[in-house]
1. With a cut-off of 8 Å between alpha carbons and a minimum separation of six or more residues, what is the relative contact order of the chain in percent?
2. So for the pair R38, E68, with labels modelled 7 Å out along Cα→Cβ, what separation do we get in nm?
3. Quick one: helix 45-58 against the long Cα principal axis of the chain, what's the angle to the nearest 10°, folded into 0 to 90?
4. Based solely on its DSSP helices, what 222 nm [θ] is calculated for the chain when runs of n ≥ 4 H residues each add -39,500 (n - 2.57) and the sum is averaged over all residues, nearest 500 deg cm²/dmol?
5. In debye, nearest 20: dipole of the chain around its Cα centre with unit charges on the Cβ of K, R (+) and D, E (-)?
6. Using a 1.4 Å probe, how large is the accessible area of D46, given in Å² and rounded to the nearest 10?
7. Probe radius 1.4 Å, ligands and nucleic acids ignored: give me the carbon and sulfur share of the accessible area of the chain as a rounded percent.
8. Please list, ordered by chain and number, the residues whose modelled amide H lies under 5 Å from the amide H of G2; skip anything fewer than 5 residues away on the same chain.
Amino acid sequence: RGVRIGVRTDKRDLFFKKGQAEKFLTKGHKVRIEIILRGREKAMNDKAKENLQLFTKSITIPFKTEEEIKRGPKGFTTLIAPE
């Protein structure tokens, strides 16, 4: 399962996406979290990585990180799995 967020995603939308990720984790699925960078956003690597870390820290369901945050062609990704 996957959840995609952007650099400029609103707090309300992030709350909804967090709920989706938690629902997937409670069902026993692995979740790939992606932050997509478009155009000039690609120059803001530090901000994008920080946003992805804050999003993963906001998830309240216990999880383990299977893949650390890594750079891809469209942005950053990480993979988490339920404990």
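The values are calculated or read from the model by the stated rules, or taken from the named source; none is laboratory data. The model shown is predicted, which means the values in this text are computed figures rather than measured ones. No Cβ is skipped: glycine too gets one built from the backbone with ideal geometry, and neighbour counts run over all protein chains shown. We work out accessible area using only protein heavy atoms, side chains counted, and drop any ligands, DNA or RNA first. Shrake-Rupley method; radii C 1.70, N 1.55, O 1.52, S 1.80 Å.
1. Computed over the chain, the figure is 35 percent.
2. So the two model labels end up 3.1 nm from each other.
3. Roughly 20 degrees, rounded to the nearest 10.
4. After summing the helix terms and dividing by the residues of the chain, the value is -12000 deg cm²/dmol.
5. The dipole magnitude comes to about 300 debye.
6. Roll a 1.4 Å probe over it and D46 shows about 130 Å².
7. The C+S portion of the solvent-accessible surface of the chain is 49 percent.
8. R32
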